[in-house]
Amino acid sequence: GIPSSRTQAGDFHQFIASASTADLSAFRSVFQYNRDLANRTLTFGSALNVPTLTTSATAPYARLKVKADWQAEYGAAAATTMAQSAGANSRSWTISGSRGYFGAASEYEFELQDFSGTAGFSNVWGLAAGTATQVTTNATGAITGTIGVVAEGNAFKTAARLQNITP
């Protein structure tokens with residue numbers, strides 16, 4: 001780290017630790033900001049619940065739904081990315097939501113909507129049916145302070161699951 005005498009007011013060290021399963025299907029991270037380096041103990045959160053993946057439709061393009069229970073330690077926000085890598089036809093969709101958006105619901109659910117009737121939308125931008133799709137779902141929770149705010153002692157943790165589906 002950099003000694004405080006070599007930094008300016010407002011400078012912080014960012015500590016990041018990550019862990020994953022051997023097959024990379026799940027990972028967890030913890031982040032903390034501090035001005036001065038010192039011995040600290042940070043604890044990883046538990047594994048993210050495995051979301052339920054379903055196919056809502058396959059035409060005019062594939063539509064997936066991701067659903068999981070909120071976990072108290074990751075209660076601030078959640079997101080999912082649905083990605084297909086098919087050379088020049090690669091496509092990706094990310095849907096996210098804050099806990100405030102979901103309110104008191106015990107679960108979060110993200111569904112790729114049908115935009116086919118939207119002016120200017122091309123169905124080729126949607127996910128292709130019959131194509132392997134990697135779905136990454138993650139959730140975040142504050143340990144101390146506010147997520148996204150760089151300030152002394154602020155810390156948060158995240159966890160994610162990687163799954164595959166062919167709609």
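The values are calculated or read from the model by the stated rules, or taken from the named source; none is laboratory data. Quick caveat, the model's predicted, so the values are computed rather than measured. With ideal geometry, Cβ positions are generated from the backbone for all residues, glycine too; neighbour counts draw on all protein chains shown. The accessibility values were calculated without ligands, DNA or RNA, using every heavy atom of the protein model including side chains. Shrake-Rupley method; radii C 1.70, N 1.55, O 1.52, S 1.80 Å.
Taking only pairs six or more apart or across chains, which ones have beta-carbon atoms under 8 Å, a first residue in region 58-76 that is closer than 16 Å to Arg28 by Cα, and a second residue that is assigned to a strand (DSSP E or B) and of a type in the set (Asp, Glu)?
Trp70/Glu107
Which condition from (1) under 22 Å from Leu48 (Cβ atoms); (2) hydrophobic (A, V, I, L, M, F, W, C); (3) open to solvent by less than 40 Å² (accessible area, probe 1.4 Å) is the one that Leu162 breaks?
Leu162 satisfies all of (1) under 22 Å from Leu48 (Cβ atoms); (2) hydrophobic (A, V, I, L, M, F, W, C); (3) open to solvent by less than 40 Å² (accessible area, probe 1.4 Å) except (3).
Strands (runs of 3 or more DSSP E) wholly in region 34-129 with at least 2 residues that are in contact with a Lys or Arg (Cβ under 8 Å, 6 or more places away or on another chain) and open to solvent by 50 Å² or more (accessible area, probe 1.4 Å) - which ones?
Those strands (runs of 3 or more DSSP E) span 52-57, 107-111.
Take region 110-123 and flag every residue that is without any contact (Cβ under 8 Å) to a residue 60 or more places away in the chain and over 20 Å from Ala78 (Cβ atoms).
Asp114, Phe115, Ser116, Gly117, Thr118, Ala119, Gly120, Phe121, Ser122 - these are the residues of region 110-123 that are without any contact (Cβ under 8 Å) to a residue 60 or more places away in the chain and over 20 Å from Ala78 (Cβ atoms).
Would you mind stating whether Ser5 is at pLDDT below 95 and within 17 Å of Pro167 (Cβ to Cβ)?
Against the criterion (at pLDDT below 95 and within 17 Å of Pro167 (Cβ to Cβ)), Ser5 does not qualify.
Determine the pairs where a residue that is within 9 Å of Ala78 (Cα to Cα), located within region 93-109, has a partner that is β-branched (Val, Ile, Thr) and open to solvent by 50 Å² or more (accessible area, probe 1.4 Å) with Cβ atoms under 9 Å apart, the partner being 6 or more residues away or on another chain.
Sorted first by the residue in region 93-109, then by its partner, the list stays empty.
Among the residues that make up region 133-153, is at least one of them more than 16 Å from Ala26 (Cα to Cα), modelled with pLDDT of 95 or more and out of contact with any Asp or Glu (no Cβ under 8 Å at 6 or more places or on another chain)?
Just the residues of region 133-153 that are more than 16 Å from Ala26 (Cα to Cα), to begin with: 133, 141-153.
Subset that is modelled with pLDDT of 95 or more: 133, 141.
Keeping just the survivors that are out of contact with any Asp or Glu (no Cβ under 8 Å at 6 or more places or on another chain) gives 133.
Yes, region 133-153 contains at least one residue that is more than 16 Å from Ala26 (Cα to Cα), modelled with pLDDT of 95 or more and out of contact with any Asp or Glu (no Cβ under 8 Å at 6 or more places or on another chain).
Kindly indicate the residue of region 23-33 that is assigned to a loop (DSSP other than H, G, I, E, B) and at negative phi and also least open to solvent (accessible area, probe 1.4 Å) among those meeting that condition.
In the first step, residues of region 23-33 are kept if they are assigned to a loop (DSSP other than H, G, I, E, B); the result is 23-25.
If we keep only those that are at negative phi as well, we get 23, 25.
Working: Asp23: 110, Ser25: 34 Å².
So the residue we want is Ser25.
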